[in-house]
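Asks: Before we start, here is the structure in question, set down as structure tokens.
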Amino acid sequence: MIDTEKEFETIQKIHDLLKNMDSAANERILKYVQSALKISIPVGDKSQVDGPSSDAPEVKRGGQANENEQPELTDFADLFSSVNPQRNADKALVAGFWLQERSGDNSFDAQNANRELINMGHRLSNITVSLNQLIQRSPALVVQVRKKGKSQQARKLYRVTHEGRKRVYDLKAEADN
């Protein structure tokens, strides 16, 4: 039986410990704890916090969404290799999808997306061009949600749209076939 009172107390303690730290430190801490305790959280699974997500389709072979089947992806390398994106725009989309799933504010920035790709050996010479291609598609697969600074080179925050999420799952289904 689930002891919801004990779970809530634990959440409160963790929150109290992390609330005054920056998001990068919180991410490092939570990743370490996840690794140390061997906790696997499937991509798109926010049920531990929010309950089931209605816009996070599960992938089934043949490209059909199935809520009961979620790929167990514990890191970006797993996701990237299982999706196997070929085009630069798709690579940027997969990296953005991964970062967005892991962020607290449901967004990502180009620099961190490219860093993930560099770690996989897939550096994009200009990730902004790829993200702009995703923005200009109809329907848009990515949207710009915020810009920090006034210069053209100011840091922009992006969000993968519902259609973008579907594209990642479609790529996964294609790779599985």
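Asks: Can you list the HN-Hα couplings for segment 6-21, worked out from phi with the Karplus curve (6.51, -1.76, 1.60; θ = phi - 60°), rounded to whole Hz and with x for Gly and Pro?
Replies: Taking θ as phi minus 60°, the curve returns 5, 4, 4, 4, 5, 4, 4, 4, 4, 4, 4, 6, 9, 4, 9, 9 Hz for segment 6-21.
Asks: Now for a different question. Check which residues have an amide H placed less than 5 Å from residue 145's amide H, if you skip close sequence neighbours.
Replies: When sequence neighbours closer than 5 places are left aside, the close amide H contacts are 157, 158, 159.
Asks: Right, next: Would you mind putting 10-23, 119-132, 88-101 in packing order, based on average other-beta-carbon counts within 10 Å, highest first? Numbers along the way, then the final one.
Replies: Numbers: 10-23: 10.6, 119-132: 15.6, 88-101: 24.1.
Averaged packing, sorted descending, gives the order 88-101, 119-132, 10-23.
Asks: Under the classification rounded if a/c is under 1.5, otherwise prolate if a/b is larger than b/c and oblate if not, where does segment 109-177 fall, given a ≥ b ≥ c as square roots of the Cα gyration tensor eigenvalues?
Replies: Judged from the Cα gyration tensor, segment 109-177 comes out oblate (a/c at least 1.5, b/c at or above a/b).
Asks: I would also like to ask the following. Using a simple spin-label model with points 7 Å from Cα along the Cα→Cβ vector, what separation in nm is obtained for residue 155 and residue 20?
Replies: My value for the distance between the label points is 2.3 nm.
Asks: Another one. Based on the Cβ-Cβ distance from residue 170 to residue 119, what FRET efficiency comes out when R0 is 22 Å, to the nearest 0.05?
Replies: 0.35
Asks: Measuring with a 1.4 Å probe in the full set of protein chains, what accessible area per residue, in whole Å², belongs to segment 91-177?
Replies: On the way: 4570 Å² over 87 residues.
Heavy-atom accessible area per residue stands at 52 Å².
The values are calculated or read from the model by the stated rules, or taken from the named source; none is laboratory data. Since the structure is predicted, the reported quantities are computational estimates derived from the model, not experimental observations. Virtual Cβ from ideal backbone geometry, glycine too; neighbours counted across all protein chains shown. Note: accessible area is taken over every heavy atom of the protein model, side chains too, but ligands, DNA and RNA are not part of it. Shrake-Rupley method; radii C 1.70, N 1.55, O 1.52, S 1.80 Å.
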